Amino acid sequence: MSLRSAAETAVRQCLNLAPDERCVVVTDDDRVEIGEALYEVASGVTDETVIVRYPPGPQHGAEPPEPVTAAMAEADVVLCPTSKSLSHTRARTRANDAGARVATLPGITEEVFLTGLDADYERIAAECERIVEQVAGAEEIRVTSPQGTDVTFGIGDREWLSDTGIVHEPGEMSNLPAGEVFVSPETATGTYVVDGTMRPHGLLAEGQEITIEVEDGYATHISDPDVAAGFEEAAESVGEEAYNLAELGIGTNVAVADLVGSVLLDEKAGGTVHIALGDDAGIGGDTEAPIHQDGVLREPTVYADGEEVKLPQVE
């Protein structure tokens, strides 16, 4: 698959860009090649396509410059291949609120772009629907793993959301590559052990694990000093909200068989679970923080009100 072919999947199948629509491609200095591939395909669909480039943000979740925010809010379709995530930003929320269809590609690399877009997104959407049918309405979700994970989430009134990659309706948003069902729990207590992928390490080595203890919806201990340092920095500005249990997600992209070290792709791998700390304001929660950090679990078992959830199986 070429960058052009992957861009065709994103622009045509995932976003369904039309000739009478305005499209903005937002990229940064480190992701120009992917941004230009998306721009070339999009500009072949509609003459009202622009590409906006800016210096990489200081961290994931940092707001882009105001001219970028303004351009996003004026578009019908927005694609954001950037080295630092725009998924959990007010700029993305503002664009969606104005009716734009938005696909963010946070931390995207050429390898991830080619692998993650070489997929049948209608099949992924069907997997998302199957998982939602099993978890929607459950008051309690429990996740365990052979590595020592045993954490229970209280869902409350929070809504399960699907990141299908199919972004055809005004105001919809998805990551690309896509494939997950997720929720921002009201509370959580227990321990989860990351054995897959987590920044700043990327793909963890065999036997390498990061243990995170959670009580009443906040992380109380992070075993890895490098991971802990990022939250300590964020806590300098927002206090304990940096440690908020922000997200529980289930990967549904059955085309992703192997973890590669990119959270963007690995959290979508079929049958995995990811758990995030930090900001959840953009996914149904009420916590704003300058960090949103996911950790991927390779071998989870998930229970919804005591019933085991049948997780997706990779192809």
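Computed from the coordinates I sent, volume of the Cα convex hull per residue in Å³ equals one of (i) 114; (ii) 173; (iii) 211. Tell me the label.
Identified label for the calculated read-out: (i).
Return the long-range amide H neighbours of ASP163 (sequence gap of 5 or more, or a different chain), with a cut-off of under 5 Å between placed amide H atoms.
When sequence neighbours closer than 5 places are left aside, the close amide H contacts are GLY179, GLU180, VAL181, PHE182.
How long are the semi-axes of the ellipsoid equivalent to the stretch 121-308, from square roots of 5 times the Cα gyration tensor eigenvalues, in whole Å, largest first?
That gives 23, 18, 17 Å for the three semi-axes.
At a 10 angstrom cut-off on C-beta neighbours, averaged per residue, how do the peptides 110-121, 78-89 rank from highest to lowest?
Working: 110-121: 20.2, 78-89: 26.0.
Averaged packing, sorted descending, gives the order 78-89, 110-121.
In whole Hz and in residue order, list the ³J(HN,Hα) couplings for the stretch 250-256 that follow from phi through the Karplus curve 6.51 cos²θ - 1.76 cosθ + 1.60, θ = phi - 60°; x for Gly and Pro.
Result, ordered by residue: 10, x, 10, 7, 6, 8, 9 Hz.
Would you mind checking which residues have amide H under 5 Å from ASP28's amide H? H placed 1.01 Å from N; only 5 or more apart, or other chain.
Under 5 Å from the amide H of ASP28: TYR54, SER83.
I need the shape label for the stretch 18-75. Rule: rounded when a/c is under 1.5, else prolate if a/b > b/c, else oblate, with a, b, c from the alpha carbon gyration tensor.
Details: a/c = 3.12, a/b = 1.54, b/c = 2.03.
Verdict is oblate for the stretch 18-75.
Could you list VAL68, VAL11 in order of exposure, starting from the residue whose Cβ has the fewest other Cβ atoms within 10 Å?
Details: VAL68 21, VAL11 27.
In order of increasing Cβ crowding within 10 Å: VAL68, VAL11.
Using θ = phi - 60° and the Karplus curve 6.51 cos²θ - 1.76 cosθ + 1.60, what whole-Hz ³J(HN,Hα) does each residue of the stretch 71-87 get, with Gly and Pro shown as x?
So the Karplus estimates, Gly and Pro as x, are 5, 4, 5, 9, 9, 8, 9, 10, 10, 10, x, 10, 6, 10, 5, 9, 4 Hz.
Considering the convex hull of the alpha carbon atoms of the stretch 3-116, report its projected area averaged over all viewing directions, in nm², one decimal.
5.9 nm²
Using the Karplus equation 6.51 cos²θ - 1.76 cosθ + 1.60 (θ = phi - 60°), what ³J(HN,Hα) coupling, rounded to whole Hz, does each residue of the stretch 265-273 give in order, writing x for Gly and Pro?
8, 5, 5, 8, 4, x, x, 8, 10
We did not get these values from a lab; they are worked out from the coordinates using the rules stated. Just so we're clear, the structure is a prediction, and the values are computed from it rather than from any experiment. Positions of Cβ are generated from backbone atoms using ideal geometry, with glycine treated the same way; all protein chains shown enter the neighbour counts.
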